[in-house]
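Derivation of every value follows stated rules applied to the coordinates shown; laboratory data play no part. Please read these numbers as outputs of a predicted model, since none were measured by experiment. Cβ coordinates were reconstructed from backbone atoms using ideal geometry, including for glycine residues, and neighbour counts include every protein chain displayed.
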Amino acid sequence: MSNGFSKSSVGRKILMALSGFFLLLFLFQHFIINLLSIISADAFNSVSFFMGTNPIVQFAIQPILLFAVVFHLIMGITLELKNKAARPIQYAMNKPNENSSWMSRNMVITGIMVLLFLGLHFYDFWIPEIKTKFIEGNMSGLNEGGELRFHEE
């Protein structure tokens, strides 16, 4: 994409939408894998073991996902600041409920809620996994007893 595209407001909005779509695809995949835990513990463990020990997932997909989250956050902040700078006087808002959806009026609030959930999720799941793999050096996906560590019974 050319420099002019990414510097225009419309270009930034398209890039933010694409990063948001990528994040939605990840969430859908994450949801499907988590649904497996309800259907079959063995299926969930197999998929989790594959995802947790596959070098492509660990060293390529995870950094891309992290980049997408940071990119989406930075793009949202940039768009907000540039839009405010372009029009310092706010538009008159007559009956905002009729002119925009609840989601569009509360994107900042829902974004902060998602960010807080991500922080909790990382603290609860991802950071212990990184500690096990990269600090303790256990890339096997197994607990000390030889059982898969991904599923809690």
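GNM remark for the chain: springs join alpha carbons under 10 Å apart, and the peak mean-square fluctuation among Ser101, Ser19, Ser46 falls on Ser101. Once the convex hull of all Cα atoms in the stretch 3-90 is built, its volume per residue stands at 100 Å³. Modelling each spin label as a point 7 Å along the Cα-to-Cβ direction, I'd like the Ala92/Ala60 distance in nm, to one decimal. Using points 7 Å along Cα→Cβ, the separation is 5.6 nm. Dividing the convex hull volume of the alpha carbon atoms of the chain by its residue count gives 155 Å³ per residue. Compared with the dominant Cα axis of the chain, that is its longest principal axis, helix 9-39 is turned about 30°.
Helix 41-53 and the longest principal axis of the Cα set of the chain meet at an angle near 70°. All other residues whose Cβ lies under 14 angstrom from that of Gly20 are scored, Lys and Arg at +1 and Asp and Glu at -1, for a net of +2.
Once the Cα atoms are used to define both axes, helix 62-86 deviates from the longest principal axis of the chain by about 10 degrees.
Mean-square fluctuation check for the chain, GNM, Cα pairs under 10 Å: which of Asn138, Asn45, Asn99 is largest? Among Asn138, Asn45, Asn99, the largest GNM mean-square fluctuation belongs to Asn99.
Taking only the alpha carbons of the stretch 99-143, we obtain Rg and Dmax values of 17.2, 55 Å in that order.
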